[in-house]
Amino acid sequence: MRDFKRLDIWRSGMQIVKGTYLLIEKLPNTEKFGLKSQMCRCAVSIPSNIAEGCSRESKIELARFLEIAIGSAFELETQLLICLTVGYLENKDIESILSQIRIFQKQANTYRLKVKS
């Protein structure tokens, strides 16, 4: 078992969760069961899957959970871009969290490749 709380990618994931929760407050209430809910689930999935992967004995399983976390980050990125496209948010609202997500994606993929080798 690995201590997930010591991983930079887990900490980055937690920052993405915090940023997402703050950002969704800007979305209309009509999206309570739509984008708001989906974005929260995606964000929470990022550090959660890293933590679950760290509980596994196998490097293959850890790598798989890292892949899921990375997938959730790409999904969240897409949802933020949807918010931009439909006019719920502006570039200035999402540029910081998009930057965090893209950095996370690269770091997590690097770690995943390291675990797999």
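Things to note:
- Given R0 = 22 Å, the distance between the Cβ atoms of I82 and L22 translates into a calculated FRET efficiency of 0.75.
- Net charge of Cβ neighbours under 11 Å - reference R64; Lys, Arg +1; Asp, Glu -1: +1
- For the peptides 4-11, 29-36, 73-80, the ranking by packing is 73-80, 4-11, 29-36, with the highest mean count of neighbouring Cβ atoms within 10 Å listed first.
- What the Cβ-Cβ distance of K32 and I60 gives, at R0 = 41 Å and to the nearest 0.05, is a FRET efficiency of 0.60.
- Gain in span if fully extended, T110 to R11, counting 0.36 nm per residue against the direct Cα distance: 34.1 nm
- The HN-Hα couplings worked out from phi for region 17-27 by the Karplus form 6.51 cos²θ - 1.76 cosθ + 1.60 (θ = phi - 60°) are 4, 4, x, 5, 4, 5, 6, 5, 5, 7, 7 Hz, whole numbers, x standing for Gly and Pro.
- Net charge, Y21 excluded, C-beta distance under 13 Å - Lys, Arg +1, Asp, Glu -1: +3
- Listed peptides 94-105, 55-66 by packing density, highest first (mean Cβ within 10 Å): 94-105, 55-66
- What the Cα convex hull of region 15-95 gives, in volume per residue, is 80 Å³.
- Candidates A43, A69, A51, ranked by Gaussian network fluctuation over the chain, Cα under 10 Å, top entry: A51
- Rel. contact order, % - alpha carbon contacts under 8 angstrom, at least six apart, region 4-116: 32
- Calculated P(r) of region 7-51 - Cα pairs past 17 Å, %: 32
Any read-out appearing in this document is the output of simple, stated calculations on the displayed coordinates, not a laboratory observation. Keep in mind the model is a prediction, meaning the values are calculated, not measured. In this analysis, Cβ positions are derived from the backbone assuming ideal geometry, glycine residues included, and neighbour counts consider all displayed protein chains.
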